Every structure is written in C-alpha cells, then in structure tokens.
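These notes are about the structure you will find just below.
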Amino acid sequence: MTRVFSGVQPTGHLTLGNYLGAMRRWAAVDQHRADSLFCVVDLHALTMDHDPARLRRLSRQTTTLLLASGLDPDVCTVFLQSHVDEHTRLSYLLECVATDGEMRRMIQYKEKAAKERDRGGSVRLSLLTYPVLMAADILAYGADEVPVGEDQAQHVELTRDLAVRFNQRYGHTFVVPRVTLPGVAARVMNLQEPARKMGKSDESGAGVVYLLDEPDAIRKKVMRAVTDSGREVEYDREGRPGVANLLEILAACTGGSPQALAGAYESYGALKKDTAEAVVEVLRPVQARHRELCADPAYVEGVLRDGAQKARAMARPTVDAAYRAIGLLPSVERTELMDVR
Ligand code: TYM
C-alpha cells in the first residue's frame, strides 16, 4: 500500500493556504487511499525566535484543527514530531550526507535568514539544517508520496537527493519519495500582496484568511483583496496575480477551474463576493468541528498518545537500518557485542 507522509508547523494560526494547499487533500483523499501519517512538526517551530507557552498552545490548536479538517485517527496516524525520537536520530545521519552548500541554496532559508538579519536578529543554526530534519521526517517512514503546497517542493526534492545519495553510498535503505501538489491552489497568495505567499507567520493578518476567522472577518478580508486597475476578469497569474488568486481560491472551494470561472464574471466585485461566500462555506464545518473538539481535550490527547505509539513502531526499523548501514554498531548487551566483533 502507498505510504503518505506530510506535516504542518505550529508556528502560527493555520491559514486558508494550509487548508487548500495541503490539509483538505489529506482528509478528503490521502487518508482513504494510502497508509498515511500526518505530523505536527513542533521541532521545526524552534528554528525561529519562539515563545514556549505559545508553542504549546499552537501545537494543541494545530492538532485540533487537523482533526477538525477531517483527519480520522482510525484510518491515519496523527502525532507530534517531538514524541518520536526517530526524527532527530535520523536527522543527524542525514546531516552527514548533506552538504552545507545544499542547505544554503534552499529558498526558504535564504528568505527567512535575510528577514531575520534585516531585523538585526541572529539566525539559528537549526534554520539552516531544517530541511534535513524534514527529510528525516519523510524518510523515517518510507513514505512514497508527500502531499504539500508548492512552497515545500524544493525541500522534497532535497529529500529525494539525500535518499538516493545515502542508498548509493551505504546500500538500499530509503524509499525515494515524490511530491504531490494540488491541481489548483498549490500556492495561495496573500490577499493584500498577491506577489507573496499567504503565510501563517505574516506580520499583518489583513491579507491572510485564518481557519478560525469569523465569517464576517473572512468576508471583509476577501472583499478588500488587492486586484488591479483592469476591469475584465481574466485568469493570468503573471499579469493579474490578485484576480488569479481569487479565481484559484474560488475554484478550489467550488470545484471549477479558474479559467472557466473567469468567463463567468463581469466584475471584480461579483467575483469577490462569491469567493468570500465560498470560503465561508468551506470553513464552516471545520470551525464547527473545531469547537466540538475543543470541548474534549482528553480525546485530542488520546489521539496524540496513540499516534506517537504507532509512528514509533513504523519509524524504528528504518532508522535502525540506517544506523547499521552507515557503519554504527548496533546497541546490544556486551556479550553480544563481542560476537559482532
Ligand atoms: P507549513 O507548516 O509551512 O505548511 C503546511 C502545509 O501547507 C502548505 N502551504 C500552502 N499551500 C498553498 N498555499 C499557501 N499559501 C500555503 N502555505 C502553506 C505547505 O506547502 C505545507 O504542505 N516544512 C513544512 C512542514 C514539514 C513537512 C515535513 C511537510 C516538516 N516536515 C515533512 C511534509 C513532509 C512546512 O513548513 O509547512
């Protein structure tokens, strides 16, 4: 059976970008057709300046939202990265296969490090090595597919390179995974700055629809979306990024194609109104289920406990195999160690 792995960082409130680019597909498709794992990657949230209490809150909220979006712990595995030591165990081995040049070429590293330096801050070393930990997340489980939004495609490419390199040097150990992207909304853009990705860590939330925004807040944000000075509704990502973004969001929410939808509108106002309503309707059941789950924190805790147990059992054999393959002696009782020698 196909194995699927994906993850989300608890670094901010989840956005419509996370939902349309990744989570919705995990719940609607991936969990039902594959043996799948979905991970709240809390260790990744330590790569930038963070507040421990906020991280704890966001880790719970992110888990609750994954379940609210429809992930069913009876058919998939939902867990926290820090509950399974295999991720960091494997990450170190992969650091010994990756090069610093590869790390420095990662677009997200370049962008985030530059922003941090502009602020006068220092860049954590873990921000540089983060894609290796991400590769470990994926390779530990022998995942065949990694469903993500477009911004993560480069990291999955790197994961493939590391898997191939390790296998060539030390013998076949890892499955070489492939990225899967959604047909539309692979890169949902900020409604105020359509040249920029809609991100959960954006400083101003004006162009970001959060999954837990009230319907009226969603309507306001979509109605105020930046478009351009033209009048015709055309799907042109380069020339009219704001309008194209709205068309993609509408298409992702209603099932049409952005090109076909463009022909159905004569004004930006009508397009915005329908997009706003479509987003409100798509998020309504997620928000309702989130409210129910918040009233039952013990259930969410239980999901994480069981998920970590299942995940550990899946990751352990592959990570142990990687330790042996790279030349590390197995950890055994002294007498057995003599035999190994
Ligand atoms: P993260 O937490 O930034 O985002 C989670 C998922 O949401 C997608 N996404 C978007 N898709 C479309 N439009 C957007 N504006 C948008 N914003 C976010 C992301 O592509 C992602 O699929 N490094 C990863 C987390 C991670 C991971 C992994 C993913 C860690 N280990 C292993 C897959 C496999 C990240 O920061 O995602």
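The values are calculated or read from the model by the stated rules, or taken from the named source; none is laboratory data. Predicted model only: the values in this text are computed from it and were never measured. All Cβ positions, even for glycine, are placed from backbone atoms using ideal geometry, and neighbour counts span all protein chains on display. For the accessible areas, the whole protein counts, side chains as well, though only heavy atoms, and no ligand, DNA or RNA atoms are used. Shrake-Rupley method; radii C 1.70, N 1.55, O 1.52, S 1.80 Å.
Once region 195-205 is narrowed to residues that are in contact (Cβ under 8 Å) with a residue 12 or more places away in the chain, within 11 Å of the ligand (Cβ to nearest atom) and in a loop (DSSP other than H, G, I, E, B), the residue that is farthest from the chain's Cα centre (by Cα) is Asp202. Would it be correct to say that Glu281 is of a type in the set (D, E, K, R) and either part of a loop (DSSP other than H, G, I, E, B) or touching a Phe, Trp or Tyr at 6+ places or on another chain (Cβ under 7 Å) (or both)? No: the conditions fail for Glu281.
Within region 39-52, the set of residues being closer than 21 Å to Ala140 by Cα and either at pLDDT below 95 or in contact with a strand residue (DSSP E or B) (Cβ under 6 Å, 6 or more places away or on another chain) (or both) comprises Cys39, Val40, Val41, Asp42.
Taking every residue in region 33-46 that is free of Cβ contacts under 8 Å to residues at least 60 places away in the same chain and pairing it with any residue that is more than 9 Å from the ligand (Cβ to nearest atom) and in a loop (DSSP other than H, G, I, E, B), at least 6 positions away or on another chain, the pairs with Cβ-Cβ distances below 6 Å are Asp35/Met1; Phe38/Leu71.
Considering only region 290-315, how many residues are more than 30 Å from Met1 (Cα to Cα) and in contact with a helix residue (DSSP H, G or I) (Cβ under 9 Å, 6 or more places away or on another chain)?
The initial filter retains those residues of region 290-315 that are more than 30 Å from Met1 (Cα to Cα), namely 290-298.
With in contact with a helix residue (DSSP H, G or I) (Cβ under 9 Å, 6 or more places away or on another chain) added as a condition, the list becomes 290-294, 297.
Number satisfying all stated conditions: 6.
Residues of region 230-256 being more than 19 Å from Ala195 (Cβ to Cβ) and open to solvent by 50 Å² or more (accessible area, probe 1.4 Å), which ones? Walk me through it before giving the result.
The first filter runs over region 230-256 and keeps only residues more than 19 Å from Ala195 (Cβ to Cβ), leaving 231-233, 250-256.
If the condition is that a residue be more than 19 Å from Ala195 (Cβ to Cβ) and open to solvent by 50 Å² or more (accessible area, probe 1.4 Å), then Arg231, Glu232, Thr254, Gly255 are the ones that fit.
Taking the criterion of being free of Cβ contacts under 8 Å to residues at least 24 places away in the same chain and closer than 26 Å to Glu248 by Cβ, the residues of region 140-186 that qualify are Val156, Glu157, Gly183. Each residue in region 1-22 was checked for being open to solvent by 30 Å² or more (accessible area, probe 1.4 Å) and more than 8 Å from the ligand (Cβ to nearest atom), and 4 of them qualify. The residue of region 108-127 that is surrounded by the fewest Cβ atoms within 10 Å (Cβ to Cβ), among those that are modelled with pLDDT of 95 or more and within 14 Å of the ligand (Cβ to nearest atom), is Ser126. Taken together, Gly205, Gly171 contain a single residue that is open to solvent by less than 70 Å² (accessible area, probe 1.4 Å) and at pLDDT 95 or above, which is Gly171. When Gly307, Gly327 are checked against the criterion of being at positive phi and in the same structural domain as Leu65 (by TED's automatic domain parsing), Gly327 stands alone in meeting it.
Go over the candidates Leu66, Leu55 one by one and state the one that is surrounded by fewer than 21 Cβ atoms within 10 Å (Cβ to Cβ), at pLDDT 95 or above, of a type outside the set (S, T, N, Q) and in a helix (DSSP H, G or I).
Values: Leu66 fails: surrounded by fewer than 21 Cβ atoms within 10 Å (Cβ to Cβ).
None of the other options fit; the residue is Leu55.
Would you mind stating whether Tyr210 is within 8 Å of the ligand (Cβ to nearest atom) and either open to solvent by 50 Å² or more (accessible area, probe 1.4 Å) or touching a residue at least 60 places away in the same chain (Cβ under 8 Å) (or both)? The answer is no for Tyr210.
Of all the numbered requirements in (1) open to solvent by 20 Å² or more (accessible area, probe 1.4 Å); (2) over 25 Å from Glu150 (Cβ atoms); (3) free of Cβ contacts under 8 Å to residues at least 24 places away in the same chain, Gly302 misses one, and that requirement is (1).
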